[in-house]
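Enquirer: Here it is, the structure, as structure tokens.
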Amino acid sequence: MAEVANAIKFLLNGEEVTLTDVAPDQTLLDWLRLERRLRGSKEGCAEGDCGACTVLVGRLMGDEIVYDSVTACIRFMGSLHGTHVVTIEHLRGENGHLHPVQQAMVDFHGSQCGFCTPGFVMSLYGLWMRDPHPSRNAIEKALQGNLCRCTGYAPIIRAGQAISSYGQPEGDPLWAERIAVRDRIRAIDDGRRVELGEGDNRIVIPASLDDFAAFYAENPEARIVAGSTDVGLWVTKFMRRIGPVVFIGHLPELKRIAENDSEVRFYAGVSYSEALPVIAANFPQLNELWSRIAGEQVRNMGTIGGNIANGSPIGDTPPPFIALGARLHLRRGEHRREIKLEDYFLAYGKQDRQPGEFVESVTLPLLPAGEKFATYKISKRRDEDISALCGAFRVFVNDAGTVGMARIAFGGMAATPKRAKAVEAALVGRPWTLETVEAVLPAFATDYQPIGDMRASAEYRLLAAQNLLKRFYLETIGQGERLKREVA
Amino acid sequence: MNEHAAGISLATLHKATPHDSAPKHVSGTAEYIDDMVEPAGTMHAYLALSSRAHADILSIDFAAVRAAPGVIGVLTNEDVPGVNDVSSAHVHDEPVFALGKVQFWGQPLFAVVAETRDQARRAAHLARIEYRDLPFALDVRAAQAAGGKLVTKPLKLERGEVEAGLAAAPRRVQGAVTIGGQDHFYLEGQIAMAVPGEDEDVTVYSSTQHPTEAQVMVAHVLGIRQHAVTVEVRRMGGGFGGKETQGNLFAVIAALAAKKWNRACKIRPDRDDDMSATGKRHDFVVDYDVGYDDDGKILAVDAVFGARAGYSADLSGPVTDRALFHCDNAYWYPAVRARSEPLYTNTVSNTAFRGFGGPQGVLASERWIEDIAYALGKDPLDIRKANFYGRDSDNVTPYHQTVEDNIVHRVVEELEASSDYQARRRDILAFNRTGSILRKGIALTPVKFGISFTATWYNQAGALVHVYKDGSIHLSHGGTEMGQGLYIKVAQVVADAFGVGIDSVKIMATTTGKVPNTSATAASSGSDLNGMAAWDACEQIKARLLAHAAKLHEADEADCRWVEGGMQVGRRFVPFAELCASAYMNRVQLSAAGFYKTPKIHWDRATGRGHPFYYFAYGAAVSEVTIDTLTGEYSVDRVDILHDVGRSLNPAIDLGQVEGGFIQGMGWLTSEELVWDDKGQLRTHAPSTYKIPLASDIPPVFNVRLAEWSVNREPTIGRSKAVGEPPFMLAISVVEALGMAVASIAGYRVAPQLDTPVTPERVLMGVERMKGMAG
């Protein structure tokens, strides 16, 4: 191992920060508010759901610096090395006036109690910089991770639509200073691993994927943190000590997406947001699901690898990935192995992952021509909610009109993401008709004995799962209209 | 002090002035209590909560708590020098900490005080507690089955011959509706910071809608007099009723610690603890028996309103009272009997929430209207119209107040036309015949909401206005700002009264040291009460200034008149600042305390008779929805609202209240579901599990208008009407529209009877029920 650096460095607004003593579970929000007394960012929930703490984090993507909205409450300091953190305090317009985003919010009466407002301003700011004339859909999507209890959102949406009449991103300080910021960030990363602290207080920021693999093989007790959208809550809600921690969200090799004629491979550190264009191009059937995973800030942080690795029974990517026949690539040191994704989930809280082994990538075979595929997510609230159930359906119907192949997988129906093998078996060989679909419905009860909880009753889960097969069938024959949100 | 006359500056009142704090909100510089600079040495307190629904506390071992890093000490009931009670009903049923036994899961047991919040929070989990479990009842039906113990006296409203009316009615409907509760989900959670002073003094910064009550509680608990306690709040990050009484506990604990250790102390629970330990909107089960005729005209109503009150009285008495006060909504009942049951349950003590029981009463009335409509095969709107209070007759409420300002007919007629209700309903009926797995529904529901505190003495307010020698103005009043725009509205009144620009008026934080003995900022009353009190103060100063000007310039008072920017004395214009400076030099007092009390109101709870409301606010909404009959998922596609705020003091602020209130109401009735498990633990205690509406939940078409023609017939401030609560109930139209979509499955022959919140699960189960009935 080469020389090791001993400081986390990043830019906070205009200032370079060097930290040599920071706990692995130190959150950005607490650090901003308690250490730096920057109290514009608010704590509303401390679990990444309300967005009152939204800040922008800029990072290098090739030659560009890209700013993502993130929730500071569940973002750890160790994940900020080599980034530019922009808080509400950094927003400024010309000559001391309000920034265009802020002025639009004032003029359209977008704040009432004002507590959520800095977070909304930051989310709208991030949107406006990449999309100065956003559609209403784009605004709603950018605000999926921001809760407002007062306004009913209508004035905030109006403000979001009007920002560009107050100014253009080209006039924004963050835009004007982007080259200088990029160079300052580049200067931070000298290619060395960063290590701070000892024992449970140890933070390791590997220099490369190989460095990470080597470190983790030797230190299997370390906690891997990528997007921290799950582990963040262990800290803020359960007060668990998570150290030692190895942060991997910054590794460019884990952000690769490899495509060829037959498959797409996502490395584990690809965020939902980063994956979206590739998903849209190759699996358009997943577009709606993708926009309904968490809110924008969490999509910017959460990773595909993390959604699989943590083994949650209610993660949204495993059901469609299993239905597509995904292969999971696990790595320990230099040793790699490949398993079927569905075989990774052994039981609740138990996955097929050895000490020192990590999820390096997942490969999704492209859908063969003629196959039918859909994924449906059902939740109490349409957006930014955890699935009550999430079902993925894939069938091949041969020329004779009979089912040649069926793969069906659900989240929320069992202790793990799980295939509906009894339903699949009942379908194969039968004609793809409503009669067949209705005939196989009882098999769902063989595959799943769901529980009832705060998201849905067991009865509802089972009934809805059955009805989703009906919906899938109807859609394959051009019926089964879906609810649409048509906004002007 | 009666009628508010027009002011001077028409540039300020009735104008869409932005919220005074808006530039600070958007910059992150608006200061909430957690943002204030803490005094050196500030301690942090954290609550330990029970993990039993009902149990005797056998022992608590604090050894590990005290030994934890940074811990300064533990606060228990033993540390209460005064009266150990924070009951807002003053019935001594809410000790600061659980006393001997716990009565709900999440009840505060003790507080840990440490150097940092993180240390206090970690240590709070280290106590070893031995419980002995006791039987418990969690909800209305369980409480009724267990004997129906009440937390406070019930109310009965009765008028006419109910039994005879029911017996004689050609048709009857009997049923029950379950109405879910709601968490406030104010974005800023509960918080208080106390700073000890000399002698017995303590200053408490509290996120409270009711500074005076926080002051009273702190004084009681500390065993000191009220003059030693100052409670201040500049703004809250949302309140919605959740900070009317629920902030008291935090203010008290901060003050107890501050005085015990003579250091400042701050307390802020995590969101999950906030949602577990503080009260919510009451959920209700309403059992009803309604007689009506073949035209759908209601003849008699008999209803029992069972409410989950939780373990203590808190505000459950007045909340359930208000449910009864609104069980008529806008409808005339020739005979009516409504009874409340504020039931003891082993859950957190439920409390005020926007509408204060009114929404549950209104929802019940709309339920039997809906039942009647489906039974008769009619549009529910026709049944509504058939039962509206008359303008001059058939207009006496169940509490014997005559409705004198009825404008529901005009509001509904205008909205019906502007929303194109009839044509859209025809289109929807046609769409639902196409056999799609999607179904649509549309509904128009009205609201009539009574304005005034039913606790008559609450209908008073004070204000303090200082004018400085340079003409700048310092405004204090007893109302608190929680985002609703009260501060800007009252500042507009003051600017208007003096004829100065709004920037001449400095709005001060609300503090018990400036204006004493204030009422809660609640019941939508903030602008009505505080606006008038502030105006009274202005008029006193203006009278002195006018007399002074006349004397100084040797003019008749009749020749002096207020104009924009100053005073016209004969042909001489005296700028306001110059007038104030010369008044000072001539020893004219430039400060005044204003006062207002609402006229006309009275209420006798024992007889259920009186005139509890000064006036009514009206509104109506049309909602259109689409449901997916395979999954129960739905979308709210379009909403049209026409709402009455009298003559608006600030149309931008009022529109914000209507839009925001509607969406909050929609959340209550759709996605916001409180779920307790079988051990009594609330499982929906954070935004990950408790789902308030998002930007993408609001209707894509959302046409909201104020009834610009409306003028309050009572002489309120600017002839405006209260706006905080009434629009909340407009969201009931969403429930009814969902009901229509569900009822389409059985050809609209069976009433949908959806309980709330109408989650996708309830829609799907409703569809299944209809399929069974359609046979």
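Enquirer: Could you pull the Cα extents of the range B:635-775 along its three principal axes, largest to smallest, in whole Å?
Expert: Projected onto its principal axes, the Cα set of the range B:635-775 covers 56, 40, 28 Å.
Enquirer: Related question: Among residues other than B:Arg587 whose Cβ falls under 15 Å from its Cβ, what is the net charge (Lys/Arg +1, Asp/Glu -1)?
Expert: Details: positive: B:Lys469, B:Arg544, B:Lys551; negative: none.
That sum, taken over residues with Cβ under 15 Å, equals +3.
Enquirer: With a 1.4 Å probe and every protein chain left in place, tell me how much accessible area B:Thr42 has, in Å² to the nearest 10.
Expert: Taking all protein chains as shown, B:Thr42 has close to 10 Å².
Enquirer: Could you point to the residue in A:Ser273, B:Ala68, B:Ala731 farthest towards the positive end of the protein assembly as shown's charge dipole, with +1 and -1 charges on the Cβ of Lys/Arg and Asp/Glu respectively?
Expert: Of the listed residues, the answer is B:Ala731.
Enquirer: Per residue, how much accessible area does the protein assembly as shown have with a 1.4 Å probe, in Å²? Could the numbers behind the result be given before it?
Expert: Working: 41900 Å² over 1263 residues.
Here the per-residue accessible area is 33 Å².
Enquirer: Another one. How high is the relative contact order of the range B:634-775, in percent, counting Cα pairs under 8 Å that sit 6 or more residues apart? Kindly include the intermediate steps, with their values, before the conclusion.
Expert: Details: 207 pairs, mean separation 48.8, N = 142.
RCO, the range B:634-775: 34 percent.
Enquirer: Right, next: Points 7 angstrom from Cα along the Cβ direction at A:Ile339 and B:His227: gap in nanometres?
Expert: 7.6
Enquirer: Please tell me the relative contact order of chain B in percent, rounded to the nearest whole number, where contacts are Cα pairs under 8 Å and at least six residues apart.
Expert: After rounding, I find 16 percent.
Enquirer: Report, in listed order, any pair from B:Lys153/B:Lys260; A:Lys237/A:Lys372; A:Lys42/B:Lys101; B:Lys101/B:Lys259; B:Lys153/B:Lys280 with a Cα-Cα distance greater than 31 Å.
Expert: Pairs exceeding the cut-off: B:Lys153/B:Lys260; A:Lys237/A:Lys372; A:Lys42/B:Lys101.
Enquirer: Please enumerate, by chain and number, the lysines with C-alpha under 20 Å from the C-alpha of B:Lys551, excluding those fewer than 8 residues away in the same chain.
Expert: B:Lys469, B:Lys542
Enquirer: Report the local net charge at B:Asp139: Lys and Arg +1, Asp and Glu -1, summed over other residues whose C-beta lies under 11 Å from its C-beta.
Expert: +1
Enquirer: Provide the per-residue ³J(HN,Hα) series for the range A:278-288, in order, calculated from phi with Karplus coefficients 6.51, -1.76, 1.60 and θ = phi - 60°, each as a whole number of Hz, with x at glycine and proline positions.
Expert: Karplus-based 3J(HN,Hα) across the range A:278-288 equals 6, 4, 4, 6, 10, 9, x, 5, 9, 4, 5 Hz.
Enquirer: Taking every DSSP beta bridge that has both residues in the protein assembly as shown, what percent is antiparallel when rounded to the nearest 5?
Expert: About 80 percent, rounded to the nearest 5.
Enquirer: How many square angstrom of accessible surface are buried between A and B, both sides summed, with a 1.4 Å probe and rounding to 100?
Expert: 6600
Enquirer: What number results when the radius of gyration of the range A:348-414, computed over Cα atoms, is divided by 2.2 N^0.38 Å?
Expert: 1.50
Enquirer: Per Stokes-Einstein, at 37 °C and 0.692 mPa s, what whole-number D in µm² s⁻¹ belongs to chain B, with the Kirkwood radius over Cα pairs as the hydrodynamic radius? Intermediate values should be presented prior to the final figure.
Expert: Details: Rh = 27.4 Å.
Stokes-Einstein gives a translational diffusion coefficient of 120 µm²/s.
Enquirer: Next up: Seen from all sides and averaged, what is the projected area of the convex hull of the Cα atoms in the protein assembly as shown, in nm²?
Expert: Working: hull surface 195.5 nm².
Mean projected area of the Cα convex hull: 48.9 nm².
Enquirer: Determine the dipole magnitude for chain A: charges of +1 sit on the beta-carbon of Lys and Arg, -1 on that of Asp and Glu, nothing else is charged, the reference point is the Cα centre, and the result goes in debye to the nearest 20. Could you put the intermediate results ahead of the total?
Expert: Numbers: 56 positive and 61 negative charges, 223 e Å.
With Lys and Arg at +1 and Asp and Glu at -1, about 1080 debye.
Enquirer: How large is the helix-only mean residue ellipticity at 222 nm for chain B, computed as the sum of -39500 (n - 2.57) over DSSP H runs with n ≥ 4, divided by its residue count, in deg cm²/dmol to the nearest 500?
Expert: After summing the helix terms and dividing by residue count, I get -8500 deg cm²/dmol.
Enquirer: Please report, in debye to the nearest 20, how large the charge dipole of the protein assembly as shown is about its Cα centre when each Lys and Arg carries +1 at its beta carbon and each Asp and Glu carries -1 there.
Expert: Charge dipole, the protein assembly as shown, about its Cα centre: 740 debye, nearest 20.
Enquirer: Please give the calculated 222 nm ellipticity per residue for chain A, where each DSSP H segment of at least 4 residues contributes -39500 (n - 2.57) and the sum is spread over every residue; nearest 500 deg cm²/dmol?
Expert: On the way: 18 runs with 145 residues, N = 488.
Computed ellipticity for chain A at 222 nm equals -8000 deg cm²/dmol.
Enquirer: Could you work out the relative contact order of the range A:354-488, using alpha carbon pairs under 8 angstrom and six or more residues apart, expressed as a whole percent?
Expert: Worked out over the range A:354-488, it gives 17 percent.
Enquirer: Mind giving me the FRET efficiency for B:Thr402 and A:Ala400? R0 is 56 Å, r the Cβ-Cβ distance, nearest 0.05 is fine.
Expert: 0.15
Enquirer: Determine which lysines satisfy two conditions relative to B:Lys385: a Cα distance under 25 Å, and not lying fewer than 8 residues away in the same chain.
Expert: Once the sequence-local lysines are set aside, what remains near B:Lys385 is B:Lys297, B:Lys440, B:Lys448, B:Lys721.
Enquirer: Less than 13 Å Cβ to Cβ from B:Trp368, Lys/Arg counted +1 and Asp/Glu -1: what total charge do the surrounding residues give?
Expert: -3
Enquirer: State whether the range A:327-382 is rounded, prolate or oblate according to the following rule on the C-alpha gyration tensor (a ≥ b ≥ c being the square roots of its eigenvalues): a/c under 1.5 gives rounded; otherwise a/b larger than b/c gives prolate, and the remaining case gives oblate. Could the numbers behind the result be given before it?
Expert: Numbers: a/c = 2.84, a/b = 1.46, b/c = 1.94.
Oblate.
Enquirer: Taking each residue in A:40-48, count the Cβ atoms of any other chain within 10 Å of its Cβ, then average. What number comes out? Working shown, then result.
Expert: Details: counts 7, 1, 7, 7, 9, 11, 5, 6, 2.
Whole-number average of other-chain Cβ neighbours for A:40-48 is 6.
Enquirer: To continue, here is another question. Could you point to the residue in A:Leu328, B:Ser418, B:Ser696 farthest towards the positive end of the protein assembly as shown's charge dipole, with +1 and -1 charges on the Cβ of Lys/Arg and Asp/Glu respectively?
Expert: Value: B:Ser418.
Enquirer: Residue separation times 0.36 nm, minus the C-alpha to C-alpha distance between A:Asn310 and A:Thr20: what's the value?
Expert: 101.4 nm
Enquirer: Lys/Arg Cβ at +1, Asp/Glu Cβ at -1, dipole of the range B:106-238 taken about the Cα centre: which of B:Thr203, B:Val140, B:Val216 is farthest positive-ward?
Expert: B:Val140
Enquirer: Okay, next question. Place a label point 7 angstrom from the Cα of B:Val37 along the Cα-to-Cβ direction, then list the residues of the range B:493-519 whose backbone nitrogen is under 11 Å away.
Expert: Inside the label zone: nothing.
Enquirer: Tally up the carbon and sulfur contribution to the accessible surface of the range A:100-171 as a whole percent, 1.4 Å probe, everything protein left in place.
Expert: That fraction is 51 percent.
Enquirer: With all protein chains present, how much of the accessible area of chain B (probe radius 1.4 Å) comes from carbon and sulfur, to the nearest whole percent?
Expert: Carbon plus sulfur share of accessible area: 50 percent.
Enquirer: Let's test this: bin the Cα-Cα distances of the range A:371-476 at 5 Å from zero up to the farthest pair and state each bin's percent.
Expert: Reading upward from the zero bin: 2, 14, 25, 26, 17, 10, 5, 2, 0.
Enquirer: Calculate the dipole size of the range A:100-171 relative to its Cα centre from +1 charges on Lys and Arg beta carbons and -1 charges on Asp and Glu beta carbons; express the result in debye to the nearest 20.
Expert: Dipole magnitude for the range A:100-171 comes out near 180 debye.
Enquirer: Also: Have a look at the range A:167-306 and give its Rg and Dmax from the Cα atoms, expressed in angstrom.
Expert: Computed over the Cα atoms of the range A:167-306, radius of gyration and Dmax are 17.7, 53 Å.
Enquirer: With N set to the residue count of the range A:100-171, report its C-alpha Rg divided by 2.2 N^0.38 Å to two decimal places. Walk me through the numbers before you get to the answer.
Expert: Working: Rg = 10.8 Å, N = 72, 2.2 N^0.38 = 11.2 Å.
With N residues counted in the range A:100-171, Rg over 2.2 N^0.38 Å equals 0.96.
Enquirer: Would you kindly derive the ³J(HN,Hα) couplings of the range B:765-771 from the backbone phi angles with the Karplus curve 6.51 cos²θ - 1.76 cosθ + 1.60 (θ = phi - 60°), listing them in order in whole Hz, with x for Gly and Pro?
Expert: 5, x, 4, 4, 4, 5, 4
Enquirer: List for the range B:34-48: residues with 10 Å² or greater reduction in accessible area, all protein chains versus chain alone, probe 1.4 Å?
Expert: B:Asp34, B:Asp35, B:Val37, B:Glu38
Enquirer: Quick one, what does Rg over Rh come out to for the range A:262-371 if you take C-alpha atoms and the Kirkwood Rh?
Expert: We get a ratio of 0.95 for the range A:262-371.
Enquirer: I would also like to ask the following. Could you sort B:Ser688, A:Ser262 by their accessible area in this structure, using a 1.4 Å probe and putting the largest first?
Expert: A:Ser262, B:Ser688
The values are calculated or read from the model by the stated rules, or taken from the named source; none is laboratory data. Everything numeric here is computed off the predicted structure, so don't read it as measured data. As a convention, Cβ positions derive from the backbone with ideal geometry for all residues, glycine included, and neighbour counts pool all protein chains shown. Only protein heavy atoms, including side chains, enter the accessible area calculation; ligands, DNA and RNA are left aside. Shrake-Rupley method; radii C 1.70, N 1.55, O 1.52, S 1.80 Å.
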